[in-house]
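Only one structure is covered here, and it is reproduced in the block below.
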Amino acid sequence: MKSVFLLLILFTANVLSAPLEIDYKGFYSHLRKLNTEDLTALQFSFGFKRVGESRLCSLNEVKVLTQKQTLDIEISTEQRFNLPFEEALKLADALVVVDTQEPENTCDMSVQLETKPSYLKAQYSQSELDFLLQQYTLFFDDMGGMFSFLMPGVSGLVFHFADSETQLAGLPFKLSEGKLQVPESDLSELEGVLLPAIPTRITALIQD
């Protein structure tokens, strides 16, 4: 029985993933794309998608390490995290250390462009919705530059809710798996919108 228990410990240790160590510079290159006065409402959130599945990998903790400091990074209930945009961390060759609950080699990086928490609420005027749409349109146009016609087009907004059973009342849209997709053509006709709950995030609806 003792030998079986030891074998079980060894097997578990082999299966579980060691903490991932990723150069902060790679994250910095993403974050700097939003370091502009024109893109005030958007942020990147990071996570790891389970290979072959639609869910995100479960995270134990995330830290940013340099030789002189350790920064604890908050993990959201959706298993995503945000990182500070600091040139000092890049120059210090900081590492982002991610401890997951998943087996080794089963998680791929996932980068999400989304609305900052300060712009999340239950009620929006038409001008506020137009502003959010313009933020995403501006981002993709800037990223494409002279080749912007090759970039995906923004065709509306997607409101994400924590409760997939959230019900809509008084809105001419359908909610599917906790996501409310509102095309640009409908946004332009709305005087405003009152949502059933505060969304967890708002992302761009991308043209196929």
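Just so you know, all these numbers are worked out from the coordinates, no wet-lab data involved. Quick caveat, the model's predicted, so the values are computed rather than measured. Quick reminder, even Gly has a Cβ in these numbers, built from the backbone with ideal geometry, and neighbours come from all protein chains shown.
Taking all pairs of distinct Cα atoms, average 1/r, flip it, and tell me the Kirkwood hydrodynamic radius of segment 19-115 in Å to one decimal place. All intermediate terms of the calculation are to be shown ahead of the outcome.
Working: mean 1/r = 0.0714 Å⁻¹.
Kirkwood radius, segment 19-115: 14.0 Å.
How much length is gained on full extension from Phe85 to Ser125, taking 0.36 nm per residue of separation minus their Cα-Cα distance? Can you show the working numbers first?
Numbers: separation 40, 0.36 × 40 = 14.40 nm, distance 3.05 nm.
The span from Phe85 to Ser125 would gain 11.4 nm if fully extended.
Using 0.36 nm per residue of separation minus the Cα-Cα distance, give me the extension gain between Phe140 and Arg32 in nm, one decimal. Please report the intermediate quantities before stating the final value.
On the way: separation 108, 0.36 × 108 = 38.88 nm, distance 1.43 nm.
Difference between extended and current length: 37.5 nm.
Based on the Cβ-Cβ distance of Met109 and Ile198, what FRET efficiency does E = 1/(1 + (r/R0)^6) give at R0 = 30 Å, to the nearest 0.05? Please report the intermediate quantities before stating the final value.
On the way: r = 28 Å, r/R0 = 0.92.
About 0.60, to the nearest 0.05.
Kindly list the residues of segment 83-119 that lie in the label zone of Ile206, defined by a backbone N under 14 Å from the point 7 Å along the Cα-to-C-beta vector.
110-114
Below 16 Å, Cα to Cα, which lysines can Lys116 reach? Residues fewer than 8 away in the same chain don't count.
Once the sequence-local lysines are set aside, what remains near Lys116 is Lys33.
Tell me, what HN-Hα J-couplings in whole Hz come from the Karplus equation 6.51 cos²θ - 1.76 cosθ + 1.60 at θ = phi - 60° for each residue of segment 103-116, using x for Gly and Pro?
Running phi through 6.51 cos²θ - 1.76 cosθ + 1.60 with θ = phi - 60° gives x, 5, 6, 10, 10, 10, 4, 10, 10, 10, 8, 8, 7, 4 Hz.
With θ taken as phi - 60° and the coefficients 6.51, -1.76 and 1.60, list the Karplus ³J(HN,Hα) couplings across segment 73-90 in order, rounded to whole Hz; mark glycine and proline as x.
Listing the rounded values in order: 9, 6, 10, 6, 5, 8, 6, 10, 8, 10, 10, x, 9, 9, 5, 4, 5, 5 Hz.
Mind checking which aspartates and glutamates have their Cα closer than 19 Å to the Cα of Lys90? Skip sequence neighbours fewer than 8 apart in that chain.
Within reach: Glu21, Asp23, Asp72.
Taking the Cα-to-Cβ direction at Glu74 and at Ser185 and moving 7 Å from each Cα, how far apart do the two end points lie in nm?
Taking the two extended label points, one gets 4.0 nm.
Mind ordering 54-63, 70-79 by average Cβ neighbours within 10 Å, highest first?
Values: 54-63: 15.4, 70-79: 13.2.
Output ranking for 54-63, 70-79: 54-63, 70-79.
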